[in-house]
Every structure is written in C-alpha cells, then in structure tokens.
Amino acid sequence: MAETMTHGVTLTDTARDKVKALVGAEGRDDLRLRIEVKTGGCSGFIYQLFFDEVLEETDAIRNFDGVEVVVDFKSVPYLDGASIDYEDTIQKQGFTIDNPNAQSTCACGDSFS
C-alpha cells in the first residue's frame with residue numbers, strides 16, 4: 001500500500017466551516033477541497049480552488065477536522081506554507097489564499113509569480 005503524501009497548506013477554521021457548509025448543501029460526502037497552481041494570468045500562475053471527488057495516486061492530502069484539502073504533486077512546492085481563508089464582508093466574499101511563495105501578484109489578485 002502506497003504512503004499518502006501530505007502538504008504544507010493550512011485551512012483556517014472559518015474556511016473549514018464554509019467548506020463543510022458548501023459540501024453539506026450539495027448533499028455529498030465524497031467532495032474534497034482541491035487547490036492547484038496552473039500556468040496563466042497576467043503574473044504567470046493562477047490558483048484554481050474547487051471541489052473534487054477524484055483522488056490521484058500522487059495527490060497530497062491533509063485533513064482539517066473532516067475537511068480534506070488536496071494538492072496535486074506539481075503544485076505542492078508552490079503552495080508550501082500557504083493559508084486558505086474565507087472572507088464574508090461587505091467588501092469581499094469568498095476564499096482567499098495567502099501564499100508566502102508568491103513574489104508578486106497582479107492588481108486583480110488572481111495571479112502571482
């Protein structure tokens with residue numbers, strides 16, 4: 001049996017609770033939060049954050065009190081030490097990613113280098 005890899009991404013309690021609520025609303029217990037880094041955007045890389053039921057053999061997984069966060073093996077080095085949070089204010093609503101590996105970001109905040 002292969003050993004499951006882990007990663008250095010953290011999930012705040014607020015983000016964990018929001019993921020639980022969203023997955024609960026879907027009525028499914030097979031969904032995990034996946035974060036990937038892809039080439040694109042005006043700064044070179046973009047984040048993709050979505051729910052996924054598929055696990056690849058090379059995925060890194062970390063459990064936060066019942067919420068699994070999955071990172072593909074190619075994205076692990078780009079996301080080491082990153083934190084996922086959820087904001088719900090008048091100014092902003094949605095998941096945010098604080099990544100200490102991002103040397104610069106674009107004005108829209110959706111891409112980094």
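The values are calculated or read from the model by the stated rules, or taken from the named source; none is laboratory data. All values derive from a computational prediction rather than experimental measurement. Ideal geometry is used to build each Cβ from the backbone, glycine not excepted, and the neighbour counts take in all protein chains shown. Ligands, DNA and RNA are excluded from the accessible area calculation, which covers all protein heavy atoms including side chains. Shrake-Rupley method; radii C 1.70, N 1.55, O 1.52, S 1.80 Å.
Miscellaneous remarks
- Restricting the stretch 29-80 to residues that are in contact with a Lys or Arg (Cβ under 8 Å, 6 or more places away or on another chain) and at positive phi, the residue that is most open to solvent (accessible area, probe 1.4 Å) is ASP65.
- Selection from the stretch 16-30 of residues that are closer than 23 Å to PHE73 by Cβ and modelled with pLDDT under 95: ASP30
- Condition met for THR89 (of a type outside the set (A, V, I, L, M), open to solvent by 60 Å² or more (accessible area, probe 1.4 Å) and touching a Phe, Trp or Tyr at 6+ places or on another chain (Cβ under 6 Å)): no
- For the stretch 15-26, the criterion of being in contact with an Asp or Glu (Cβ under 7 Å, 6 or more places away or on another chain) and not aliphatic (A, V, I, L, M) is met by at least one residue.
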